[in-house]
Amino acid sequence: MTVSLGSNISAIAQDNLAQAQKIVTQTVQSLSSGKRINGAADDPASLAISQALTGQVNAINQSLLNLNNGTNLLQVADSNLSTMQNMLLQMQQLATQGQDPSLSTTELGGIAQQLTNLYAGMTQVASGAQYNGQSLFVNNSQFEIG
């Protein structure tokens, strides 16, 4: 049996060249993507871990967005409550002022009108407080002064 040494060397060289091209292609793919793992064939166990971690990162990022939305909602509520607190402080001052026995009926009527206006303003602030189209104080928009 005659074996041709030239054809075997040629076949071995072609196999080596094909393997080298495969390695170069994988290396270029890794370099261009910036990732060590580009597919399940690269490292199946690491790919599974990477996908699980990516899912966790996505969930954490969404949690951060939710927290930011919650913070914004609280800031809107705080601003409205601060406005209502200022109105309540004015009402307290007017009520104390109304206790002065030296005030005339006209002056007491003016104080009562201011109290009524402040009450209406508080009702308006409470009913208009919204975040993303939803009322923040929908059940608390009516106040009783007593």
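The values are calculated or read from the model by the stated rules, or taken from the named source; none is laboratory data. Since the structure is predicted, the reported quantities are computational estimates derived from the model, not experimental observations. Every residue, glycine among them, receives a Cβ derived from its backbone with ideal geometry; neighbour counts consider all protein chains shown. Areas reflect the complete protein model, heavy atoms only, side chains present, ligands, DNA and RNA absent. Shrake-Rupley method; radii C 1.70, N 1.55, O 1.52, S 1.80 Å.
Across the stretch 115-138, which residue is farthest from Met87 (Cα to Cα) among those that are small (Gly, Ala, Ser) and more than 31 Å from the chain's Cα centre (by Cα)?
Looking only at the stretch 115-138, we keep the residues that are small (Gly, Ala, Ser), and these are 120-121, 126-129, 133, 135.
Keeping just the survivors that are more than 31 Å from the chain's Cα centre (by Cα) gives 120-121.
On the way: Ala120: 10, Gly121: 8 Å.
Only one residue fits best here, namely Ala120.
There is at least one residue in the stretch 64-76 that is closer than 24 Å to Ser135 by Cβ, under 17 Å from the mean Cα position of the chain (by Cα), among the small types (Gly, Ala, Ser) and open to solvent by less than 60 Å² (accessible area, probe 1.4 Å). Filtered by the rule that a residue be open to solvent by 50 Å² or more (accessible area, probe 1.4 Å) and under 25 Å from Tyr131 (Cβ atoms), the stretch 108-120 gives Tyr119, Ala120. Scanning the stretch 77-107 for residues that are open to solvent by 70 Å² or more (accessible area, probe 1.4 Å) and either of a type in the set (A, V, I, L, M) or in contact (Cβ under 8 Å) with a residue 60 or more places away in the chain (or both) returns Leu81, Leu88, Leu89.
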